[in-house]
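Please read the structure below before turning to the comments.
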Amino acid sequence: MFLSNFFDNPERLNRWMDIAQSSFLPLLKGALLYSLTLAIVSFFFGLIIAVLTALARLSGIKPLVGIARFYVSLIRGTPLLVQLFIIFFGLPSVGIMIDPFPSAIIGFSLSVGAYSSEVVRAAILSIHKGQWEAAYSLGMTYWQALRRVVLPQAARVSVPPLSNSFISLVKDTSLAAAILVPEMFRKAQEIVAATYEPLLVYSEAALIYWMICFVLSFIQDRIENKLDRYV
């Protein structure tokens, strides 16, 4: 019924086509310049945090283990949106002013670091202890064995879950709109405010998110197939 009424109204149809054409490039620009960039930068720093946190958990040093556990529990136990609000809206009350884009990077990096640290820790633990013993027999120290033998193997094991985390992060960047980052969803909100066509514009934004995630999933499959050759 809705579709028949819609297509019987050429003025509404033409309006939708005009809005779709004029909004596609701004939405795509927001996705490539902000959403995707935000995801890549945050994931890079998040992985560094994740590796350090995982190593702290595995170190056996009680203060480091306690700090790492507290960090993971805090980040995983609170909503990401609340964390972004604390960083962007809360910290200025104590004199710490951070621009929207850096605030989003900090929030997303901390989130990725907490969740991915468990992936990295599990990947390291999955490496057979014989690999450690073989490295020690060659005269390697703990850190040499970790860097040259264990982490490269753990990286291959952790590729699938970390890839899924990155794809989820691309979609989660839409939360940055709440702290005024001009990423794709923020652009969509601005276009909706000007055109009063939320169904069309948000559907267009969803389509662009889906296309990006489809490409990333294809790249993920290619990487996994390439790594499987060395198993």
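General remarks:
- Selected residue (only one of L32, L25, L36 is closer than 19 Å to R186 by Cα and exposed (fewer than 12 other Cβ atoms within 10 Å of the Cβ)): L25
- Test: residue in region 121-143 that is without any contact (Cβ under 8 Å) to a residue 12 or more places away in the chain, more than 30 Å from L13 (Cβ to Cβ) and among the acidic types (D, E): yes
- Candidates P160, P182 - the one that is modelled with pLDDT of 85 or more, outside any helix (DSSP H, G or I) and under 30 Å from G30 (Cα atoms): P182
- Selection from region 171-205 of residues that are small (G, A, S) and farther than 21 Å from L84 by Cβ: A193, A194, S203
- As for region 220-227, it holds at least one residue that is among the aliphatic types (A, V, I, L, M), surrounded by 13 or more Cβ atoms within 10 Å (Cβ to Cβ) and modelled with pLDDT under 90.
- Options F43, F6, F24; residue that is part of a helix (DSSP H, G or I) and at pLDDT 95 or above: F43
The values are calculated or read from the model by the stated rules, or taken from the named source; none is laboratory data. Quick caveat, the model's predicted, so the values are computed rather than measured. Counting neighbours? That spans all protein chains shown, and the Cβs are built from the backbone with ideal geometry, glycine included.
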